[in-house]
1. What spacing in nm lies between the two simple spin-label points modelled at GLU222 and THR335, each 7 Å away from Cα in the Cβ direction?
2. By how many nm would the segment from ASN313 to PHE299 lengthen if fully extended, with 0.36 nm per residue of separation less the alpha-carbon distance?
3. For region 262-351, what class follows from the C-alpha gyration tensor (a ≥ b ≥ c being the square roots of its eigenvalues): rounded when a/c is under 1.5, otherwise prolate if a/b is larger than b/c, else oblate?
4. Hey, what's the Cα Rg ratio for region 51-121 versus the globular rule of thumb, 2.2 N^0.38 Å?
5. Over 31 Å between C-alpha atoms is what I'm after, so list which of LYS121/LYS340; LYS41/LYS85; LYS57/LYS310; LYS57/LYS341; LYS79/LYS187 land there.
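What follows draws every value from the coordinates through simple rules; no lab data is involved. Not measured: the values here are computed from a predicted model. Note that each Cβ is placed from the backbone with ideal geometry, even for glycine, and that neighbours are counted across all protein chains shown.
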Amino acid sequence: AMTSLLALPGVLGALEGCIVPASSLLLLETLGSGCFGTVCKGILTCHDGKLEEVAVKRLRDNATPEEARHFSDEIALMKSVGHHKNIVSMVGCCIEGGVTLLIVEYCALGDLQRFLREAAKAMSEERGPDLKYIDICHSDSDSENDYYERQAKLSQRITAANAVSNATYGMDMGDSDQKNSLRLSSKDLLAFARQVADGMEYLASTRLVHRDLAARNILVCEDRTVKISDFGLSRDIYEQNVYHQSGYDKVPIKWMAMESLMHREYTTQSDVWSFGILLWEIVTFGGSPYPSIPNNGLFQLLQRGYRMEKPANCSEELYQVMRQCWREKPSERPTFTDLKKRLDDLLVTAA
Ligand code: ADE
C-alpha cells in the first residue's frame, strides 16, 4: 500500500482516516469515462453491515504524473470541502491493487445535461413538435478538437442512460406515470438552479473556485436533489481570492468568464459567469451554448458586448439574471447569495 500511496504525490495526508478496505467495495458497471479514467457504480458495505450505492472514480492505468497529481488534488479538495446537500460528498478512498479509488455518493439519475435532454425528448414526444427548437441547440458541431464537447458527447452516450431509464421507466409504472416523472415545469427548472446556487454559495464560503461549473458536472439524485460534482479543476484560492491558471489545461471555453479567457484568472465571480451559462443550459433543457460560434471566435464577440439571446421559453426576469452573471466586470455580477435570493423570489411566482 505504501508504494501506491507514494505513487500519488501529496495524497498521503488526504487519504488519512478515510480509507475503506477493498474487500468492502463491490465494483459494478461503468457509468462514464473521460480522459482521466473511469467512473463506475459500486456497492459499499458499511461498518454496520448496511449496503450503500456509491460511484467510484479511478485514474486510468497509464495516467501521466500530472494527471495523477490532479487526481490526488481532487481527492484532497473533496475531503476538505465537507458536507453540503448540494455537493457530491466523498465517501472514502480505497487502495486496490496499487490503484487509488475515489468513492463518492451515487446520484441515480446521472448528470443534469443528460437528464434535461432526456426530459425534453420525453416531453416533445408527448406534446408534439413545440420543443423541437431544442434539437437545434443540441447540434454540438462547431469545433472538432474541443475536448469538452467530445467529453460531453461521450458522457451523453454512457452515463445516465441506465439510471434514467431504470428510475423513470420502472416495471410497475403505467405509461402516463412514466412521462409524468420526466415532465419538468419552470418551477422544477428554477429549483435545480436554486440548489446549485446554494451549493456554490457553500463552496465559495470554503474559498474554493470550481472552474468547471456546467450541467455536465451537476448530478441528479432520485429525489431530484442536484449536487455539484467533478472537482477535477477546482482550486483553493488562498492568494487574493484569485487562482491563476499556469499551464495550458484543457478548459471549457464557452463556460468561461472573460477574465478567465483573457488572463486565466479564476474567482468565485468567474464561477458566477459559468452559473449564468448553466442557467441557460437548464432553461434550454441541456442545449449547447453559442451553438454556431467556434471557440476561437468567442472572446472577441464577448468583448464587443455580444451575449446569448433570451431562450424562447425563458422569462424576461430569469434572462436578466443570466445577463447579470455575464457582466464584464466581475464585481458587478451578483454573488451566489444574491442569486439564491433572486431565484427564491422567482420560485414563489413560478408555475
Ligand atoms: N457519474 C459520475 N459520477 C457519478 C455519481 N456520483 N453518481 C452517478 N453517476 C455518476
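1. 3.7
2. Stretched fully, the ASN313-PHE299 segment lengthens by 2.4 nm.
3. Verdict is oblate for region 262-351.
4. Taking N as the residue count of region 51-121, the ratio is 1.29.
5. Pairs exceeding the cut-off: LYS57/LYS310; LYS57/LYS341; LYS79/LYS187.
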